Every structure is written in C-alpha cells, then in structure tokens.
Amino acid sequence: MNSLYSFRCRSAEAPNGASTLVIFSGPGEFDANDLTTAVSDQTRNDLSPELVVILFPELLTKVLTDLGDELDDIFAPIARDVPIGAYVYDRCGHVRFLRAFRADPPKTLNLEPIRRQGLTKLFRDRGGLLEAGPTAHFMKPSGRADSRFLRAAHALAEGAEIFFCAFWILELLTDDVQRIHVDTSAIASLAFAAVLMKDRKTVPVITTFKSYDGKDTHPFHKDRKELVLISASQSGEMAKGISKVVADPKMVVTLFSTAPASVPNTTTLADLVYDGELNPHGIRPETTRIDPKNSRPINLIGEHFHAVPDGPRAIVPKLDDKPDVVKGFLPQLVGQEVFRAYKSSLIANSRRAIWIDVEKLVLTDFFRKWVRTLVATSIPASTRAIVHFDDDPSSKTLASAITAEVHAQGGQLVECRILTLKEIESGKMDWEICEAPVVVVGGATGHGAEFLMASRALRKYAPASHRIYITTAAMPSSPAFSSALKSNLEQPTYKFHKWFDILIDRERLAESWHAERALLVEDDNLPNELEKRLGELDSSLGLIDNLFLEGLGGKLKLRDNFAFWPRTVNCSTSSQADVFTTIAAIVANIRSGKDSMQSERLLNDAYNHCVIAAETFFRFNDGIIQAAFIRASLPIELDYRDAPIESERMADLVGRMVDLQHLPHGEALSEFLLSLALQRMKLTPASEESLKAKLDASAPDLSEVNKWIIKKIPWTR
C-alpha cells in the first residue's frame, strides 16, 4: 500500500505508448520511501518513461522540496535526460507548474489524458468491470439486462486512488454547494475525500438517492447549489433524467461511463471506452449478445449481487441416462455377489458406499474374457516383475489371475518375479536390465492413490522401467478425477489398463448408512429388528442383500424386467448391492454426465437447485428401486421445501404407502420414513403437517420399526 497513486499514460508531450509517468498525492503526507516505491513500481518491468509528472497539493510543497539530495536516488531508475516536473494543485483543483527536477518539463499540463487514462487504468486494475459470463446476465438497477456491470465501488479501494478520483471534482465543489447527492453509499468515500481536499469551513450534507429506486422521489432542488455523483453508467440515462431536476446540469457528474455519447451539459469524469490513441486501457465494445430468457439473472440487492435462482427443477431419470458401465458391464455381473456396500477398508479406517469383491469377480466368465484379451495384447513376454500391494488382498488375487492366464496361453515369464510394493521399497528389485517392463496390479481403485505410491517407488528403484498399471475397475468420484487418474499414470512409456469405470462419489454415498447407524446407536432400547440392523451396519464385511430396511414382506427384492437392465438379465438372482450400484451410477451420471443436457442435469450450486422428481418414485415403483434412489441421492436432491408441488406429491406417496404397506407397492415405507428421520428428505411445513396427520391416524397399523422411526422424525411444527 502506498500513499501515492502512480500510473503510466500516453500524452501529447510523450506520445510513444504509455511513456508518461504520473505520480499523484492526496492531502496525506508522503516521504522518500513512498516516492521511491512509486518510481520503482512503474519502472521495474518497463522502459524508462519519457516524461515524469509529480502532482501534489500546495500544502505539501515543503515535503517534496525538503527531500533535496534524496531525489537523485529516488529518480535513479529514470534516464538522465527525461524531463521530471513538479506540479501543485490548490483547493479548487487548479494546477500550476512548481519546478523542474530534470530537463525541461512542460510548464502547462494537458490534464485530459491524465484524467481519462488514470481513472480508466484504476478502474480496470481494481476489477471495476464485471462480466456475467455466457450463462448469466446482470439485472441493472434500471431494469435493463446486460452481460456487463460497472462497479465503481471496486475502484475506490485505496486512499490515494480515492483522492485521485476526488481531485477531478474539486472545481465543481465550490464553497456554496450545500448538498452532495450520491447514487450509492459505496461512493460516499469519494464525496468525503473531496470535502477534505477542499478544506471547507462548512461541510455539505451528503445523501444517497439509491440509484433508479430513489431518483424520482429524492428531494433534488433547483433553488440551491447541489452536486450529484453517479457512480457508473453504460447508457447515460440516469444523468439525463437528473439533469432536468437540478439547477445546473453541469453539476451532475458520472464518475465512470461507457455510454455511447455524453449526456449534453453534464459532466463525465472518465470515459472508459477504448481508444487506441487516447485510451489504450479502455473497455472495448461488448460482443456478447444476451438472451434473458435462457440465462440466469443476477440482481443487485443493496450493495451485493445475488444470483436469482429459478424454482427447483424436478428431474426424472430416463433410460438414456445410463452411463456406459450400466449399458455394458454391470448387467453381466448381476447375481454373482461382486458388489458390496458399506464395507470397511483394510487400508484406511473408512467405509465406502460401493466395493468390488475381486475374489468373486475373477470367478465370472466375463472376467475371464477380459483377462484373456488383456494378457494377449498388453502383457509383454519380457515382463520382469508383477507388483501387487501388501495390504490389498484383491491386488494379489488379480496378479495371480494374470499370471495363471499367461501360463494358460503358453507364456513362461521365466525371469519374472511376483513382488509386493514393500519389497520394491526394500530394494528386492535387482534385475540387470533396467528398461524391462513392470506390471503394477491393483484389484480395484478409487482415485489411484496406491498406483501413485508405486509410481514414486519405481522412480527410485527402477527409473527406466516400462510400466503397465492394471486394475479391474476405477471408481473415481467425478469425470475430472477420472481424467486426472489417467493423466497421472499414463506417460509415453507407461500404460494404464482398466476394465471398467464407475464414476460415483463413494464416500458421500456412504453417508446415509453413517447417519442411520448414528441414529440407531443413540437408543439402548431398539426394536429387535433394528438391533439386528445395527449389527449388520457394524459388520466389517459390508452389505450385499441387506442394504435397505425390510418391508412387512421381508427383504426388498427386484421384480422382473428392471428398466435399466436388458430383458435377458435374471432379476431374481440380483442382490440389493447390484441394484444400488446401478442406480448410484445413473444418478451420478445425471449430475455430471457429458451426455446430459444442461436442463436435464441434477445440478445444485449457487445458481441451481434440482431435486429428484416425485414422479421418479411413481414410475419406478419397485420398493428396492425406490430405496436405491433414496440412498443414492444427496440430501439437497431430496430437499423439497422450495418445491411445494413436489413436496405435496412426496407426502402423498408416503401416505399411500402406509395404506399399501402389506403389498409390494408399500414395501419401501421404512426407507422413506428413515430418510425423513435422518433429515435427508425434507418437505414443506404444509406437506409435513398432512403426512404427520396421516401417520398419527394410521399408528395402530404400523410396525414397531416404523413407529420407532416416526418418533425420530424432527417435524417442523
């Protein structure tokens, strides 16, 4: 931070680029260090200027002249033949030449380029130009939509810069000005700075007319001397309107403007429009055409911007939302207990929503086909080591399967060794040919942390080796992490082979079971069914066919003809984990899938709120599918408080399930009630009230489990 404002500009006296250096001081005192910093900042990465202008108030004349011999050191970065002149301004803003420090500076300054370019550069450097981007638009206080917004408050950030802006209105702020009107309190600092520089005996009243909201009702008067300050304008319409209700239109001052033409008789301090000769830092005409109907509005409320969200969009998953893994891989693994949920990690003290049991996977015909092709096309006969991970049994299982397939295809791998990562790190990789291939095997991976560990170890112990990384499945949490995994592992001589991807955030999807367990563990007097449930959640083996709470008819099971699987799949053999993995992959694909249209994606951010439509649960009415959608959805996606129609439909659905709890259409009732108890699903107060009345009236017919869950629901009223 400096007490001086310094910048480069183009002037008639030094027309070659930005070759005039201007150093401006407000009424605050400065010293040699401040001046040294100002010169250094403007010469460190640029050529020496051709003219230096030092502009400061008369009251600081002695401060500058007292620097004496120090000035030689201060101006050392500037070429010796460059004119350096000192100019002072008085309380009325009039400027006169004081003295020359070097050569022959002009005795009279042309202030116009200093004003326009200095204010423009300040505005641009401080981020005064805001751009909405391609998918949004600003709603101006005038009510006009625009892709740009000029924010003067951003430019008025530092004391010296505020005084520089205020300097240009000193001539207008005569001693008989009684009031200063500002369109926003954000520029009140400019008015106070001008009053301070003016050193008036009386201080004018400073009021805010709140832009377009107040300009028509604000008490402007033609019978008294007033100064009106408008922060910024792109049209000039505000200045035009106010100029008609004040005594002197010249006293209506727009600080920063990109209006195509100045409003007659009013004052514009900084015309920000780009001009190659007169304003090279200016703002070029906008080329973005906005479509207010198809972009997000951003409103200015008070002094803050607020994106105006649409009402929540209700998203119904469609058959086209299936990612590739659901189209090709998952249906072929149904019924073989390949997938588990909420299993403890052997590597870290954590649980994930989906786990792949590689020991089960290698027994499938589908795996055998893949490993047969993998060995035939990607495992070199010269491979010298197959590396697996000590703390991951599935890694060793895959390594053994690959080795067995090599032998089945007549390969020998005579000099190949099976090593663990720890053995690599302890120096047991001692082959003679360092360029030989190394195969690194992981059973299934998330973000590839174990492969990166192996990569670091091999950089030290086998820096020239050709590496082949292999895993059955990669389960990164997003497409971005999937790309990062590939780019981290693949190099010109490194290859990464994976059988299939499941792009899901396994950690976040485990939250429903975390929350369920936390709810159950609080109560020492659980119903027997929930005591058993707590034991299942505590098991380190994970969940296969017990992911969801049971209905009155027992475990939730899939009926024939599951819409997201081919008709050839025998649904009766499927596990709950098979169904959940499928639904979780589909929901994740709707959130971030590249094939989904923006309007059909499940987006939740500062500008979007999307929920799983109630229609989803009417359309997919198997209890197991409904439960899978509830568990696979994030709480924000089940928050219907801003979607009253969807909330009413969800409450109606749960109410119907109470009546049908003895039938298949009501078998997932416990899962819906649990989601309300865990506050993963939220309804409007009106919907809650109607549902609570229904549950209270039906209490005698409810199971002990459902009665217990209902007591845990934190109703709003």
Cross-chain or 6+ apart pairs with Cβ under 8 Å, the stretch 177-188 first and of a type in the set (S, T, N, Q), then buried (at least 21 other Cβ atoms within 10 Å of the Cβ) and assigned to a strand (DSSP E or B): 178/226; 184/231
Checklist (1) within 14 Å of residue 354 (Cα to Cα); (2) surrounded by 21 or more Cβ atoms within 10 Å (Cβ to Cβ) applied to residue 442, failing item: (1)
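Restricting attention to helices (runs of 4 or more DSSP H) lying wholly within the stretch 615-717, give those where 3 or more residues are of a type in the set (Gly, Ala, Ser).
Numbers: elements: 623-632, 644-659, 669-677, 685-697, 704-711.
Ranges flagged: 623-632, 644-659, 669-677, 685-697.
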Per-region count, the stretch 586-615, residues under 16 Å from the mean Cα position of the chain (by Cα), of a type in the set (D, E, K, R) and at pLDDT below 90: 1
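Would you say residue 222 is crowded, with 17+ Cβ neighbours inside 10 Å, assigned by TED's automatic domain parsing to the domain that holds residue 181 and in contact (Cβ under 8 Å) with a residue 24 or more places away in the chain?
Values: crowded, with 17+ Cβ neighbours inside 10 Å: no; assigned by TED's automatic domain parsing to the domain that holds residue 181: yes; in contact (Cβ under 8 Å) with a residue 24 or more places away in the chain: yes.
No: the conditions fail for residue 222.
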Residue in the stretch 19-41 that is among the acidic types (Asp, Glu), closer than 21 Å to residue 116 by Cβ, touching a residue at least 24 places away in the same chain (Cβ under 8 Å) and part of a loop (DSSP other than H, G, I, E, B) present: no
Close pairs (8 angstrom Cβ cut-off, 6 or more residues apart or separate chains): in the same structural domain as residue 164 (by TED's automatic domain parsing) and closer than 18 Å to residue 197 by Cβ in the stretch 92-108, in a loop (DSSP other than H, G, I, E, B) and modelled with pLDDT under 95 anywhere: none
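Anything in the stretch 447-464 that is part of a loop (DSSP other than H, G, I, E, B) and crowded, with 22+ Cβ neighbours inside 10 Å? List them, or say none. Even if it seems obvious, please write down each step before you answer.
The first filter runs over the stretch 447-464 and keeps only residues part of a loop (DSSP other than H, G, I, E, B), leaving 447-448, 462-464.
If the condition is that a residue be part of a loop (DSSP other than H, G, I, E, B) and crowded, with 22+ Cβ neighbours inside 10 Å, then 448 is the only one that fits.
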Subset of the stretch 482-510 that is free of Cβ contacts under 8 Å to residues at least 40 places away in the same chain, surrounded by fewer than 17 Cβ atoms within 10 Å (Cβ to Cβ) and not β-branched (Val, Ile, Thr) - its residue that is farthest from residue 325 (Cα to Cα): 492
Enumerated helices (runs of 4 or more DSSP H) restricted to the stretch 55-149, each holding at least 1 residues that are within 29 Å of residue 284 (Cβ to Cβ) and among the small types (Gly, Ala, Ser): 111-125
Of all residues making up the stretch 241-283, the number that are touching a Ser or Thr at 6+ places or on another chain (Cβ under 6 Å) and in a loop (DSSP other than H, G, I, E, B): 7
Residues satisfying the stated conditions in the stretch 367-389, i.e. surrounded by 15 or more Cβ atoms within 10 Å (Cβ to Cβ) and within 17 Å of residue 332 (Cβ to Cβ): 367, 370, 371, 374
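The values are calculated or read from the model by the stated rules, or taken from the named source; none is laboratory data. Predicted model only: the values in this text are computed from it and were never measured. Every residue, glycine as well, gets a Cβ built from its backbone with ideal geometry; the counts of neighbours run over all protein chains shown.
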